[in-house]
């Protein structure tokens, strides 16, 4: 409701009043700061479009992060699997009384103690190489 004017006055009890019609002889017009003009439909549409664009960007970022995390988890699982396989070979060597190899015609050749120790040393080196960096890779951010 648009008023022609707003007036302020003080009654006989010292109470301040406001109204659209002056009351009493001490009523004075009041200037009202109406604030900034209301936004237009274009401003609202612009804000809405910007909000939608930002939400799309955030959704894309979240999807990329989820894909990165899934790939990192898969790589870590494969790394741990390979490490476990090499450690299992070491356990086999440690739990075996003897090791053997087969030649092209399938004949067994039992390894000497020195060859057994060399095979164990080779697997230990492989463990050091394969099993390092077992921690989760850093997140993409």
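Some observations on this one:
- Filtered residue count, the stretch 86-110, keeping only those that are surrounded by 12 or more Cβ atoms within 10 Å (Cβ to Cβ) and either in contact (Cβ under 8 Å) with a residue 40 or more places away in the chain or closer than 28 Å to residue 72 by Cβ (or both): 4
- For the stretch 38-78, a residue qualifies if it is under 16 Å from the mean Cα position of the chain (by Cα) and under 30 Å from residue 130 (Cα atoms), and the qualifying residues are 64, 65, 66, 67, 68, 69, 70, 71, 72, 73.
- For residue 113: the one exception among (1) out of contact with any helix residue (DSSP H, G or I) (no Cβ under 9 Å at 6 or more places or on another chain); (2) exposed (fewer than 14 other Cβ atoms within 10 Å of the Cβ); (3) in contact (Cβ under 8 Å) with a residue 24 or more places away in the chain: (3)
Every number here is computed from the coordinates shown, using simple stated rules; none is lab data. Keep in mind it's a predicted model, so treat the numbers as computed, not measured. Virtual Cβ from ideal backbone geometry, glycine too; neighbours counted across all protein chains shown.
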